[in-house]
Amino acid sequence: MIEASVSRRYARALFSLAVEEGKHERVGEELEAVAQAIRASGEARTVLENPGYTPAQRHALADVLAKSLSLSPLVANFLRFLVDRHRLAEIPAIARSFAEMVDEKVGRVRAMVTSAKPLSEEELRRVREVLSQATRRGIVLEARADPQIVGGLIAQVGAKEFDGSLRTQLERMKRELKSGGF
């Protein structure tokens, strides 16, 4: 919990600078690219997580990331600042917090929809429209398939979950039949 709070503070500081420059969406994309690069590289994760590496080696990693990802000076300097504060390993959490701030600023919300089988582009478009109308916000939709839900959909929008899965409906009927409440 403390780590999340610290990550939000760093994200908030960078966010205020990015908003001043009018580049908050671009900075968010760059932070996510850094987080993905670190997740994809076992070597980078080792440099971040192993206390045996020196700050100079971590600065070198930050510089390599900045160059290879063509990061803006703001994000490149932020990475070096995180190295100085021994917080570079928190970049994934900082990127998530930053993305939430950007979403709030531009009036969008992230949603995850789970279905028994992959949805077509048309089905995803319709789900996005319905969720957008329900929330009165733009929706960034991520989809996944889980055959265990049998049918229907489960939509997670922010902290709210809308469960219209067949599995849940069957479980509800089973409980009602057992309790004799039919």
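The values are calculated or read from the model by the stated rules, or taken from the named source; none is laboratory data. What you see is a predicted model, and the numbers here were worked out from it, not measured in a lab. When we count neighbours, we look across all protein chains shown, and the Cβ atoms used for this are built from the backbone with ideal geometry, even at glycine. Side chains included, ligands, DNA and RNA excluded: accessible areas come from the protein's heavy atoms. Shrake-Rupley method; radii C 1.70, N 1.55, O 1.52, S 1.80 Å.
Please determine whether any residue of segment 88-98 is out of contact with any strand residue (DSSP E or B) (no Cβ under 8 Å at 6 or more places or on another chain), farther than 30 Å from Lys160 by Cβ, free of Cβ contacts under 8 Å to residues at least 60 places away in the same chain and open to solvent by 20 Å² or more (accessible area, probe 1.4 Å). Spell out the reasoning first.
In the first step, residues of segment 88-98 are kept if they are out of contact with any strand residue (DSSP E or B) (no Cβ under 8 Å at 6 or more places or on another chain); the result is 88-98.
If we keep only those that are farther than 30 Å from Lys160 by Cβ too, we end up with 88-89.
Those still in the list that are free of Cβ contacts under 8 Å to residues at least 60 places away in the same chain too: 88-89.
Next, from what is left, pick out any that are open to solvent by 20 Å² or more (accessible area, probe 1.4 Å): 89.
Yes: segment 88-98 contains one or more residues that are out of contact with any strand residue (DSSP E or B) (no Cβ under 8 Å at 6 or more places or on another chain), farther than 30 Å from Lys160 by Cβ, free of Cβ contacts under 8 Å to residues at least 60 places away in the same chain and open to solvent by 20 Å² or more (accessible area, probe 1.4 Å).
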statement: Of the candidates Gln156, Gln133, the one satisfying the condition of being open to solvent by 40 Å² or more (accessible area, probe 1.4 Å), assigned to a helix (DSSP H, G or I) and either without any contact (Cβ under 8 Å) to a residue 40 or more places away in the chain or not aromatic (Phe, Trp, Tyr) (or both) is Gln133
task: Pull up segment 9-43, narrow it to residues that are surrounded by 13 or more Cβ atoms within 10 Å (Cβ to Cβ) and more than 18 Å from Asn77 (Cα to Cα), then point me to the one that is nearest to the chain's Cα centre (by Cα).
output: Gln36
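In a helix (DSSP H, G or I), open to solvent by 40 Å² or more (accessible area, probe 1.4 Å) and either at positive phi or of a type outside the set (D, E, K, R) (or both): is that true of Val140 in this structure? Break it down into steps so the answer makes sense when it comes.
Details: in a helix (DSSP H, G or I): no; open to solvent by 40 Å² or more (accessible area, probe 1.4 Å): yes; either at positive phi or of a type outside the set (D, E, K, R) (or both): yes.
When the stated conditions are applied, Val140 does not pass them.
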message: Regarding segment 106-127, can at least one residue be identified that is modelled with pLDDT of 90 or more, among the basic types (Lys, Arg) and out of contact with any strand residue (DSSP E or B) (no Cβ under 6 Å at 6 or more places or on another chain)?
response: yes
statement: Among (1) part of a helix (DSSP H, G or I); (2) open to solvent by 50 Å² or more (accessible area, probe 1.4 Å), Lys117 falls short only on (1)
